[in-house]
Amino acid sequence: MSARRVAVTGIGVVSAFGDTFGEFWSGVAWGQSAIRPMTLTPPGSVRFPNAAEAARFDPAKYFDGKHADFLDRFAQFAVVAAREAIAASGLTFDSQLGPRCAIVTGSSAGGQATKDENFYNLYALNQRVSPLTIPRVMGNAGASWISYEFGITGPVYTVSTACSSANHAIGQAFWMVRDGVVDVAVAGGSDAPFSVGFLKSWEALRVVSPTTCRPFSRDRNGLILGEGAGMLVLEPLEAARARSAQIWGEIAGFGMSSDAHHITQPRAQGAAQAMRAALADAGAAPQGVGYINAHGTGTPTNDSTECEAIRAVFGAHAEKILVSSTKSVHGHALGAAGALEAAATLAALRGGIIPPTANFTEPDPACDLDVVPNHSRCAEVEWALSNSFAFGGLNAVLAFRRSDLAEAAER
Amino acid sequence: MQPSPEPEFAERVCELIARTQKIPAESVTLDKTFADLNIDSLDGINLLFAVEEEFKIDIPDDAASRIRSVRDVVEGIQKLLAAKAGS
């Protein structure tokens, strides 16, 4: 029996653009930056002034009464994005489907803001710690609340691999659906990094830009933190067609690797190995890839290393690939990053609009690929990759396929 | 050209580098680069954090990214201390 093909039939996003996938894509597609002066922490708390906050997110819109108090912001994001994705898929989880559905979420920091607040209250103000601290802080809170709300009782868990968390989560869920372990999966990631303690930790690491995120530009000077959630509903392509579901595209392959090199410095060999593994898993030829949604953080080291890795994998074909970093507009949402970028990649393939690398100023010889500077591009692309490379040297790459082009080729 | 740093001041910085990097004090001299001392980018950031604590200064990110040697550290601190005294 050949492996099942896996379709994405629902997408939900909470981001700096708003609380829906539609708002997200209409900003990302045209390269409109959602990076703004920070509002969630006191002004002047940290050296860097800008971020991509989900500043308009209002929990009271989504959670009744005391319900909101049980969820840290990162888990609220996860639930809201999952609601949108599941509603879009048209699926309902009854006693038949509930046990046949998985949830795999990614989060780098979990409920860190809850921890920050409660530990401050304890250490600085000699106050008691809330009994809700542990259930709010735990990294699997988002996955558990989604499970509870929808009656999804199959495999439910969370992976935490820093900035690769969402790609690892989506990849695991993809494999479970492809291999028939489950019939549906809800997968993605969420993070909410805006507490003073966590921001000070990023400041100390000296990787956050004092201005904005300019991936691949010669004068790039760091990442911009973002937040939010992305959730996808995955199911077998045949099942999706049989029920006439809206199909955003296919997840066709997943590859992962570890640099085994340094706790913060990336290594091109590791990134290349993960891209090759994703292509092999998808059964895709490198020459078929037309778009890469890059990890593209905007740090001097990441972007040049990523370009070196892309050249190593694709050789001369690298010149023909459109490579953009949408972090230039939605920021680096850490454990949600891969999920936001999966949403962007699927929408790009389906709509034939490649989102640009925004805020681009001048080319860097160390990043001499077509990075789609500042203006989106129309392109009919069948295969795409989305890269996530985490601190700790953990790399996770998803391969996507545009279904209608795949079908045309088969005919 | 910058004047040569005061020997006592340079020694204090070298000791701090040796202490944070857990390497013999005699191995840290003004002519050594970070690469010579096996100080990578994360070590360097950690070292500058200790320097900021010790000398009560703030090293801006762009200056931090240019510091690659023991001499850079010593001269950078002197410059920041002078600016602080002058302000």
| note | Subset of segment A:280-309, residues under 21 Å from A:Gly249 (Cβ atoms), open to solvent by less than 10 Å² (accessible area, probe 1.4 Å) and outside any strand (DSSP E or B), comes to A:Ala294, A:His295, A:Gly296
| query | What are the residues in segment A:312-322 that are crowded, with 20+ Cβ neighbours inside 10 Å and over 20 Å from A:Gly27 (Cβ atoms), if any? | reply | A:Val313, A:Phe314, A:Ala318, A:Ile321
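When you scan segment A:20-30, do you find a residue that is over 18 Å from A:Glu227 (Cβ atoms), crowded, with 18+ Cβ neighbours inside 10 Å and not polar (S, T, N, Q), even just one?
yes
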| message | Please pick out the residue among B:Ile23, B:Ile39 that is within 14 Å of chain A (Cβ to nearest Cβ) and either exposed (fewer than 15 other Cβ atoms within 10 Å of the Cβ) or part of a loop (DSSP other than H, G, I, E, B) (or both). | response | B:Ile39
| said: Would you confirm, using the coordinates I've provided, whether A:Met256 is open to solvent by 40 Å² or more (accessible area, probe 1.4 Å), in a strand (DSSP E or B), more than 14 Å from chain B (Cβ to nearest Cβ) and at pLDDT 95 or above? | reply: yes
| task | Sort out which residues of segment A:76-108 are more than 22 Å from A:Asp183 (Cβ to Cβ) and in contact with a Ser or Thr (Cβ under 7 Å, 6 or more places away or on another chain), and write them in order of number. | result | A:Phe77, A:Ser107, A:Ser108
| query | So is B:Ala10 in contact with a helix residue (DSSP H, G or I) (Cβ under 8 Å, 6 or more places away or on another chain), modelled with pLDDT under 95 and within 13 Å of chain A (Cβ to nearest Cβ) or not? | reply | no
| said: Tell me the residue from B:Glu75, B:Glu54 that is crowded, with 19+ Cβ neighbours inside 10 Å, within 13 Å of the chain's Cα centre (by Cα), closer than 28 Å to A:Pro210 by Cβ and more than 14 Å from every other protein chain (Cβ to nearest Cβ), please. | reply: B:Glu75
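Provide a single number: the residues in segment A:60-75 that are open to solvent by 80 Å² or more (accessible area, probe 1.4 Å) and of a type outside the set (Asp, Glu).
2
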| task | Hey, could you check segment A:374-411 for residues that are assigned to a strand (DSSP E or B) and either at pLDDT below 95 or over 21 Å from the mean Cα position of the chain (by Cα) (or both) and say which is surrounded by the fewest Cβ atoms within 10 Å (Cβ to Cβ)? | result | A:Cys378
| Going through segment A:265-279 one residue at a time, which ones are surrounded by 17 or more Cβ atoms within 10 Å (Cβ to Cβ), within 14 Å of chain B (Cβ to nearest Cβ) and not basic (Lys, Arg)? | A:Pro266
| query | Taking segment A:219-231, which residues are more than 14 Å from every other protein chain (Cβ to nearest Cβ) and either among the aliphatic types (A, V, I, L, M) or surrounded by fewer than 21 Cβ atoms within 10 Å (Cβ to Cβ) (or both)? | reply | A:Leu225, A:Ala229, A:Met231
| remark: Cβ pairs under 8 Å, 6+ apart or interchain, first in segment A:254-276 and β-branched (Val, Ile, Thr), second part of a strand (DSSP E or B) and modelled with pLDDT of 95 or more, ordered by first then second residue, are none
| task | Quick one: in segment B:57-71, of everything that is among the acidic types (Asp, Glu) and surrounded by fewer than 17 Cβ atoms within 10 Å (Cβ to Cβ), which residue is farthest from A:Arg47 (Cα to Cα)? | result | B:Asp62
| request: Hey, can you tell me all the residues within segment A:325-372 that are in a loop (DSSP other than H, G, I, E, B) and either under 18 Å from the mean Cα position of the chain (by Cα) or among the aliphatic types (A, V, I, L, M) (or both)? | output: A:Ser325, A:Thr326, A:Gly331, A:Ala333, A:Pro355, A:Pro356, A:Ala358, A:Leu369, A:Val371, A:Val372
| query | Does A:Thr361 satisfy being among the hydroxyl-bearing types (Ser, Thr, Tyr) and either open to solvent by less than 20 Å² (accessible area, probe 1.4 Å) or free of Cβ contacts under 8 Å to residues at least 40 places away in the same chain (or both)? | reply | no
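The values are calculated or read from the model by the stated rules, or taken from the named source; none is laboratory data. Nothing here was measured: the structure is a model prediction, and the numbers come from that model. Quick reminder, even Gly has a Cβ in these numbers, built from the backbone with ideal geometry, and neighbours come from all protein chains shown. The protein model used for the area step is the full one, side chains on, heavy atoms only, and it has no ligands, DNA or RNA in it. Shrake-Rupley method; radii C 1.70, N 1.55, O 1.52, S 1.80 Å.
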